Amino acid sequence: NARLAGWVAQRLWVTVILAVAGVRLHVREITPIDWSKAHVVCANHASVFDALAMIRAIPPPYRFVAKREILKWPIVGWLLWPAGQIIVDRANRTQAVHSLGEAGQRHIRGQVIFFVEGTRTLTGELLPFKKGAFHFAIDNQLPILPAAVCGTYATLAKRPWWQLNAGHQIEVVFCSPIQPPAAPAHGERAQIEALLNATHTQIADLLANTED
């Protein structure tokens with residue numbers, strides 16, 4: 001389901017939406033990515049166009065870690081469950097941890113995508129990162145793949161949600177993967193902080209040096 005849904009989304013409806021919105025998309029990899037291997041993709045989040053950009057940029061199969069509220073969204077929300085996406089309840093930490101644990105037990109193939117700020121920024125500035133993606137990476141021994149999504153805030157910010165600025169270019173830049181150690185030398189908490197800080201630094205540097 002995830003592979004088929006990803007292919008349909010990538011080749012059909014996302015392509016059409018970007019074309020209708022007058023948005024160009026450019027994707028680049030700082031080092032070549034082996035997409036046959038699973039990664040925990042950690043991306044910044046400034047706009048609903050972030051998800052569209054990631055769908056177009058990443059070969060399926062992939063799964064988004066999505067908040068439960070999105071299930072109420074027309075079309076996008078309706079497709080999440082059958083497409084095998086990972087739904088978490090941010091208001092219930094126990095349930096969210098359980099959902100991520102279940103996802104790890106599926107032996108997921110392909111990419112698992114987190115918007116690591118947890119919500120869209122209101123100012124365009126990068127927010128602090130949540131730790132869920134880094135717990136997931138360590139628990140499942142998957143490399144972190146930092147991804148900077150540039151230009152989406154200028155295209156359509158969270159507020160006002162209806163003010164689309166057509167004609168912008170969105171760029172997705174994939175950094176080099178960061179492999180978590182099999183046995184953290186100083187405990188899991190310290191390793192999570194190290195992975196989080198390294199990921200935040202890479203994404204922040206790319207955003208600072210990339211023009212919208």
Note to self: With the requirement that a residue be aliphatic (A, V, I, L, M) and either under 8 Å from Val41 (Cα atoms) or open to solvent by 40 Å² or more (accessible area, probe 1.4 Å) (or both), what does the range 110-125 give you?
What the structure shows: Val112, Ile113, Leu122
Next item on the list: Looking at (1) over 19 Å from Glu171 (Cβ atoms); (2) in a loop (DSSP other than H, G, I, E, B); (3) of a type in the set (Asp, Glu), find the lone condition where Asp139 falls short.
Entry: (2)
Checklist line | Among residues of the range 1-43, those that are of a type in the set (S, T, N, Q) and either open to solvent by less than 20 Å² (accessible area, probe 1.4 Å) or farther than 30 Å from Thr201 by Cβ (or both), counted | finding: 3
Note to self: Condition check: closer than 24 Å to Thr119 by Cα and at pLDDT 90 or above. Does Ile58 satisfy that?
What the structure shows: yes
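Yes/no matrix, rows are residues, columns are (1) modelled with pLDDT under 85; (2) touching a Phe, Trp or Tyr at 6+ places or on another chain (Cβ under 6 Å); (3) assigned to a loop (DSSP other than H, G, I, E, B):
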| position | (1), (2), (3) |
| --- | --- |
| Pro32 | no, no, yes |
| Trp35 | no, no, yes |
| Leu52 | no, no, no |
| Phe64 | no, no, no |
| Ala83 | yes, no, yes |
Check: Which residues, taken from the range 169-189, are modelled with pLDDT under 95 and open to solvent by 50 Å² or more (accessible area, probe 1.4 Å)?
Finding: Gln169, Gln179, Ala182, Ala183, Ala185, His186, Glu188, Arg189
Notebook entry, point to check: Can you name the number of the only condition in (1) at pLDDT 90 or above; (2) of a type outside the set (A, V, I, L, M); (3) assigned to a helix (DSSP H, G or I); (4) within 25 Å of Lys37 (Cα to Cα) that Phe129 fails?
Noted result: (3)
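Take Ala166 and tell me if it is at pLDDT below 95, of a type in the set (A, V, I, L, M, F, W, C) and not in a helix (DSSP H, G or I).
In short, yes.
The values are calculated or read from the model by the stated rules, or taken from the named source; none is laboratory data. Everything numeric here is computed off the predicted structure, so don't read it as measured data. Every residue, glycine as well, gets a Cβ built from its backbone with ideal geometry; the counts of neighbours run over all protein chains shown. Quick note on the areas: whole protein, heavy atoms, side chains included, nothing else; ligands and nucleic acids left out. Shrake-Rupley method; radii C 1.70, N 1.55, O 1.52, S 1.80 Å.
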